[in-house]
Amino acid sequence: MHELIIIGAGPAGLTAALYAGRYKMDVLVISKMLGGVATEAHIVENYPGVRKIKGPKLMDIMVKQVRDLSIEIKQENVTEIKKINEGFEVVTDEGSYQAKKLLLGLGTERKKLNLPNEEKYLGKGISYCVTCDAPLFRGKHVGVIGGADSAIKAVMQLSEYADKVYIIYRKDKIKAEPMLTEKALKDKKVEVAYNSNVVELKGDNMLSGVKLDTGKELAIQGLVIEIGATPSTVIAKELGVELDDFGYIKVNTMQQTNVHGVYAAGDISTNSAKFKQIATAVGEGAVAAFEIYKELRHGKTNSNY
């Protein structure tokens, strides 16, 4: 029986593990993938204290920090979580583990185009994180797929660096906040391709263009995909954890859920839903670990859900 099981090894889960280890808690981390979506960031330049680093490298450092504290990380796929008398049982495709407390750091899955070569061009023109990668498109022509607030914000951010920004949207009207849209469309660098979908990615080692279902081709060196993200919360829902209307786990300021003993941190929580950044995930992981430590060792908790 561990004191804490952390499901997910992205920035939130790894930070929680780091703090839990320093609090001398008995903690186990379970995650199918190490690093989470942060590993998709080709270059990270907005993480405090680190001027410039590749996403996979940053997450590798976090993993090593956790392992330096002799914390075990099992790369297994969680299939079920059960409530038991003394806490929780986490079932994976390779075994089962028990803990008194549970922290869900499952993150989100970015929606992808599911086109041939999409993974090939990741970090070589394709990006799912404009905040991370916008400076890399300085002086280039870039496309943004999507028409919601996140896509238009990406367009405005890219316009600060790129020479040309195309909005590629499947409908005939942008659905983002009107004032935001108006500001973006007034930008002389911005051009919209309405009623359009990308059907083909072009290029050799680097992305050099896309083909639309209208037959039009765009010569671009970058493509930011902003078509949404899906919270990885199916298992949490089965446990009875309350979700909001968009599928994010509802938490209070101390990252507690409605299920006693279950915490959530990072991109899947309502605290991070509107601003999914490595920095915010790290903060939530630290807060959750501290609250779990207080509850386990001192029987204290700051607030009820």
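Read the figures in this text as sums done on the coordinates, not as results from a lab. Computed from a predicted structure; not experimentally measured. When we count neighbours, we look across all protein chains shown, and the Cβ atoms used for this are built from the backbone with ideal geometry, even at glycine.
Below is a table of values for the structure above.
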{"read-out": "Cα-centred dipole magnitude for the stretch 126-225, charges only on beta-carbon of K, R (+1) and D, E (-1), debye, nearest 20", "value": "160 debye"}
{"read-out": "Helix-only [θ]222 nm of the chain, DSSP H runs n ≥ 4, -39500 (n - 2.57) each, per residue, nearest 500", "value": "-7500 deg cm²/dmol"}
{"read-out": "Cα long-axis angle, helix 149-159 against the chain (0 to 90 degrees, to the nearest 10)", "value": "60 degrees"}
{"read-out": "On Cα atoms only, tilt of 55-68 relative to the major axis of the chain in degrees", "value": "10 degrees"}
{"read-out": "Alpha carbon centroid spacing (whole Å) that separates the stretch 235-255 from the stretch 152-172", "value": "32 Å"}
{"read-out": "Dipole of the chain [Lys/Arg +1, Asp/Glu -1 at C-beta], most positive-end residue of Ala16, Val199, Ala176", "value": "Ala176"}
{"read-out": "Antiparallel bridge percentage (DSSP; both residues within the chain; nearest 5)", "value": "40 percent"}
{"read-out": "Descending Cα extents along the principal axes, the chain, whole Å", "value": "61, 36, 35"}
{"read-out": "Relative exposure of Phe137, Phe290, Phe246, judged by other C-beta atoms within 10 Å (fewest first)", "value": "Phe246, Phe290, Phe137"}
